[in-house]
Structures are given as C-alpha cells and as structure tokens.
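Asker: Take a look at the following structure, please.
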Amino acid sequence: GAVVSQHPSWVICKSGTSVKIECRSLDFQATTMFWYRQFPKQSLMLMATSNEGSKATYEQGVEKDKFLINHASLTLSTLTVTSAHPEDSSFYICSARGVGHRNYGYTFGSGTRLTVV
Amino acid sequence: DQQVKQNSPSLSVQEGRISILNCDYTNSMFDYFLWYKKYPAEGPTFLISISSIKDKNEDGRFTVFLNKSAKHLSLHIVPSQPGDSAVYFCAASGIQGGKLIFGQGTELSVKP
C-alpha cells in the first residue's frame, strides 16, 4: 500500500514553455503533498507544501508565480513550471501524506527529470 | 542555513561489515527523524524512522540511534550487502506529518 505515482518521469521542453508534473496517490487519500527539487549530488530542497483544497505554502526563495501548485483533489497534485528556463532544469519529486499513513506519512513519487533547452 | 547535515559525502564498506552513516541537526524543535535510501533518478525509499522520545529503533539489518543531547543520529546497517549501495538521506520534521528537512546525503558503496 501507499503508492505515489508521478509523471512524466522525464521531460524536455523549450525555454519559455510551461511544463506540468502530476503526482497521484493511488491507494490512499493524500491530505498533504510536498514538492521538492534536487540538483545533482545535492539535497532534496522543499519547494512547497499543499493541502487539499487550499493554496500552497511556498518555502522562502521559491517563486509561487513560476511554480504553480494545484491540489484540487485528495489524490492529485500538480506542479506547473511556467515559462521554464534552463536554470529550472532539475529533478522534481513529490511526496504525499494521508491521514493515518505509516512512516509518519511520507511516500515519495519516482521523480521527474526536467530539462529545459 | 543547513539544519540537517550529513558531513560525509561518501562511505565505502566491505560486504558483511557494518555501515555507519551519521547525521547532525541544529534545530532542537525537530521531533521525528527518518532515513531514506535513494537511487539516481528515483524517489527516496523509506528505511526507518525514530521519534525523539526514543533513542533506538531497529528493523532487521537497520538500526537508528538518536542522541538528542548531541543532536546526532546514526544509521547502522549490519551486515552490509552490495545491494545497499545507494545514497542515504536523513530527514527531520518538527511535528508528525510536517515538512521534512533533508540532509545532503551520503553515498554508500558496499564492495563484495
């Protein structure tokens, strides 16, 4: 149990375009979802926390107008990178938490490798 | 401000021996600590966790030790296996289910 599906697993886009990444909890209701990004050989940096039906809470330094997060249902959250630039190229990972979820509530998706050319 | 630190970027261990991965934190409000295993281009996989009310938690070959006074935790893997080779991250949270703060990771290599 506790499976989180994230897709696409990789995407290449042109500079200036927008990219949407989806994160779905398959067998539990995700009341909270977290979005991280990871640069090569670095830590996972939390970008934002989203609760179902509410606006996302962004970490300091993360542009909310650039990284749009939607958590409209208990099983789906999306991250849209708007007007992507090469410096947005990174590995993006979502994590979902549900009520009564084990492991203190964190299951991670498999990540999305975004390359902006 | 790195609140969770893993000062060893890499560790190499012989198969069958003990692997000890270390993690330090600075925020005394952290109450929950977790260890994750991660392969490149994949999401982290949960290994083991510990609450601040405990000083040890064991699950099979994995044991996590917490020293609150020193703000230090460690993950012991015994015996180490080649399949354990991966990057290990420690993470901390201030409240159960709250946001996780990750360390920089330690790349473990277990040699046959």
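Asker: Are there cysteines in chain A with no second cysteine's Cβ under 4.7 Å away, and if so, which?
Answerer: A:Cys13
Asker: Pop a pseudo-label 7 angstrom from the Cα along the beta-carbon direction at both B:Thr45 and A:Ser9 and give the gap in nm to one decimal.
Answerer: For the pair B:Thr45/A:Ser9, the computed spacing is 1.4 nm.
Asker: What length, rounded to one decimal in nm, is gained on full extension from B:Glu107 through to B:Ile18, with 0.36 nm per residue of separation minus their alpha-carbon distance? Each step should come with its number before you reach the end.
Answerer: Working: separation 89, 0.36 × 89 = 32.04 nm, distance 1.49 nm.
Result: 30.6 nm gained on full extension.
Asker: Suppose every Lys and Arg Cβ carries +1 and every Asp and Glu Cβ carries -1, with no other charges. What dipole size does chain B come out with about its Cα centre, to the nearest 20 debye?
Answerer: Dipole size: approximately 100 debye.
Asker: Can you give me the Kirkwood hydrodynamic radius for segment A:1-85, using every pair of distinct Cα atoms, in Å to one decimal? Working shown, then result.
Answerer: Details: mean 1/r = 0.0739 Å⁻¹.
Over segment A:1-85, the inverse of the mean reciprocal pair distance is 13.5 Å.
Asker: For a quick check of your reading of the filter: which trypsin sites (Lys or Arg not before Pro) in segment A:1-69 sit in a DSSP loop and have no more than 11 other Cβ atoms within 10 Å?
Answerer: Those that pass, being in a loop and sparsely packed, are A:Lys14, A:Lys41.
Asker: Further question on the same structure: Between B:Asn7 and B:Ile53, what FRET efficiency comes out of the Förster formula 1/(1 + (r/R0)^6) with R0 = 30 Å and r the beta carbon distance, rounded to 0.05?
Answerer: 0.70
Asker: I need A:Cys94, A:Cys13 ordered by Cβ neighbour count within 10 Å, fewest first.
Answerer: A:Cys13, A:Cys94
Asker: About its Cα centre, what dipole magnitude does segment A:1-61 give when the only charges are +1 on Lys and Arg Cβ and -1 on Asp and Glu Cβ, stated in debye to the nearest 20?
Answerer: Details: 6 positive and 4 negative charges, 57 e Å.
So the dipole magnitude of segment A:1-61 works out to roughly 280 debye.
Asker: Most mobile of A:Phe67, A:Phe39, A:Phe91 per a Gaussian network model of chain A (Cα springs, under 10 Å)?
Answerer: Checking each option, the largest mean-square fluctuation is seen for A:Phe39.
Asker: Cβ under 9 Å from B:Gln104's Cβ, B:Gln104 left aside: what net charge do those residues give with Lys, Arg +1 and Asp, Glu -1?
Answerer: +2
Asker: Considering only B:Ser52, B:Ser69, B:Ser12, give the residue with the highest GNM mean-square fluctuation for chain B, with springs between Cα atoms whenever their separation is below 10 Å.
Answerer: Among B:Ser52, B:Ser69, B:Ser12, the largest mean-square fluctuation in the Gaussian network model of chain B belongs to B:Ser69.
Asker: When you look at the Cβ of every residue in B:33-43, what mean number of other chain Cβ atoms sits within 10 Å?
Answerer: The per-residue average across the peptide is 4.
Asker: Evaluate 2.2 N^0.38 Å with N set to the residue count of the protein assembly as shown, then give the Cα radius of gyration divided by it.
Answerer: For the protein assembly as shown, the normalised Cα radius of gyration is 1.01.
Asker: To make sure I understand, if each residue's beta carbon is the centre and we count other beta carbons within 10 Å, what order do A:Thr82, B:Thr63, A:Thr112 fall in, fewest to most?
Answerer: The order, fewest Cβ neighbours first, is A:Thr82, B:Thr63, A:Thr112.
Asker: Then there is this: Might you report the magnitude of the Cβ-based charge dipole of the protein assembly as shown about its Cα centre, with Lys and Arg at +1 and Asp and Glu at -1, to the nearest 20 debye? Please report the intermediate quantities before stating the final value.
Answerer: Details: 22 positive and 18 negative charges, 14 e Å.
That gives the protein assembly as shown a dipole magnitude of about 60 debye.
Asker: Further question: Show me, bin by bin at 10 Å from 0, the whole-percent P(r) of segment B:43-112 based on Cα pairs.
Answerer: Result, from short to long distances: 17, 51, 28, 4 percent.
None of the figures in this text is laboratory data; all of them are computed from the coordinates on show. This one's a predicted model, so the numbers in the text were calculated from it and none came from an experiment. Heads up, the Cβs are rebuilt from the backbone with ideal geometry, glycines too, and the neighbour counts pull from every protein chain shown.
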